[in-house]
Amino acid sequence: MTQSAIRIAEVFYNAARRRFEAVVEFFAPGLPAPLRVPVMLAIPQATPHATLARALAAEAARRGIGGL
């Protein structure tokens with residue numbers, strides 16, 4: 001199984017739409033550049049950082065790297 005690293009490159013809370021918007025980067029051997037996946041997630045603003053990071057990474061994986 002290949003290992004990949006995940007980094008949340010950009011994240012901000014869109015108060016008008018009540019959601020977090022982020023760009024999650026996946027780094028893996030064999031990829032010439034990180035895979036950047038934009039994510040929008042409706043989750044309360046007061047969500048703990050660890051929970052938010054896991055939710056953003058899981059949503060990005062679901063959207064962008066499901067086949068890798």
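Since every read-out is calculated from the coordinates, none of them should be taken as a lab result. This is a predicted model, so every value here is computed, not measured.
Brief remarks on what is shown
- Extension gain, F27-H49: 0.36 nm per intervening residue step, less the Cα-Cα distance, totals 5.8 nm.
- Per-residue ellipticity at 222 nm from helix content only, as computed over the chain with -39500 (n - 2.57) for each DSSP H run of at least four residues, stands at -8000 deg cm²/dmol.
- Entry note, the range 4-68: relative contact order of 28 percent, from Cα contacts under 8 Å with a spacing of 6+ residues.
- Comparing A53, A15, A28 in a Gaussian network model of the chain (Cα springs below 10 Å), the most mobile by mean-square fluctuation is A15.
- Candidate values (i) 15.7, 55; (ii) 16.9, 46; (iii) 12.5, 41, label of the one derived for Rg and Dmax of the Cα atoms in Å: (iii)
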